[in-house]
1. Please specify each residue of the range 1-12 satisfying the condition of being assigned to a helix (DSSP H, G or I) and free of Cβ contacts under 8 Å to residues at least 24 places away in the same chain.
2. Looking only at the range 85-119, filter to residues that are buried (at least 16 other Cβ atoms within 10 Å of the Cβ) and β-branched (Val, Ile, Thr); which one of those is nearest to Phe73 (Cα to Cα)?
3. Among the numbered criteria (1) over 13 Å from the mean Cα position of the chain (by Cα); (2) more than 30 Å from Leu3 (Cα to Cα), which one does Ala44 miss?
4. Only one of (1) modelled with pLDDT of 95 or more; (2) surrounded by fewer than 15 Cβ atoms within 10 Å (Cβ to Cβ) fails for Gly55. Which number is that?
5. Just checking, which of Gly55, Gly65, Gly43 is in contact (Cβ under 8 Å) with a residue 24 or more places away in the chain and farther than 21 Å from Val105 by Cα?
6. Inspect all residues belonging to the range 61-76 and state whether any of them is open to solvent by 20 Å² or more (accessible area, probe 1.4 Å), assigned to a helix (DSSP H, G or I) and under 20 Å from Val9 (Cβ atoms).
7. Being at pLDDT 95 or above and either within 21 Å of Val75 (Cα to Cα) or part of a helix (DSSP H, G or I) (or both) is the filter here, so list the residues in the range 32-46 that pass it.
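The values are calculated or read from the model by the stated rules, or taken from the named source; none is laboratory data. All of these numbers come straight from a predicted model, not from anything done at the bench. We place every Cβ from the backbone using ideal geometry, glycine too, and count neighbours over all the protein chains shown. Ligands, DNA and RNA are stripped out before the accessible areas are found, and what is left, the full protein with its side chains, is counted by its heavy atoms. Shrake-Rupley method; radii C 1.70, N 1.55, O 1.52, S 1.80 Å.
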Amino acid sequence: MKLWQRQFVRYGLVGIVSTGVHVAVAFLLLNLFGVSLLASNLGAFSVAIFVSYFGNALWSFETKGELVSLGKFAVASSVTLTLIVLISNAVNLLRLPPYTGILMVAVIIPLVGFVLQKLWVFNR
């Protein structure tokens, strides 16, 4: 298996784990502590983003977790979040079925995120 393929597989696995952490923390905050849905998701995102960063830094791309790459990771995450908003708005404007936007996001965002992280965030 080539290096980029191994990194892509690991990136996907880290994504699955960080998504699971997000869901678990959000449900915990919502159901156990009675926090609002928005606050639950924001809190869960805050935890999951660190799982994603350290999982990708240390395992997917086998680099050191450094402040510079953490800053780049935050920018890359902002870029992908912006793309999610743009795709969602475009789907709405074009009056396409909502699942079209979900599928587009599910395909495009992981690919863009991987490329940004491989070539910029964790590039050595």
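1. Leu3, Gln5, Arg6, Val9
2. Ile109
3. (1)
4. Every listed condition holds for Gly55 apart from (2).
5. Working: Gly65 fails: in contact (Cβ under 8 Å) with a residue 24 or more places away in the chain; Gly43 fails: in contact (Cβ under 8 Å) with a residue 24 or more places away in the chain.
Result: Gly55 is the single residue among Gly55, Gly65, Gly43 that is in contact (Cβ under 8 Å) with a residue 24 or more places away in the chain and farther than 21 Å from Val105 by Cα.
6. Within the range 61-76 (the criterion being open to solvent by 20 Å² or more (accessible area, probe 1.4 Å), assigned to a helix (DSSP H, G or I) and under 20 Å from Val9 (Cβ atoms)), the answer is no, since none of the residues qualifies.
7. Result: Leu32, single match.
Matching residues to (1) farther than 24 Å from Trp4 by Cβ; (2) more than 18 Å from the chain's Cα centre (by Cα); (3) among the hydrophobic types (A, V, I, L, M, F, W, C); (4) at pLDDT 95 or above:
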site	(1), (2), (3), (4)
Val25	yes, no, yes, yes
Glu66	no, yes, no, no
Val85	yes, no, yes, no
Leu93	yes, yes, yes, yes
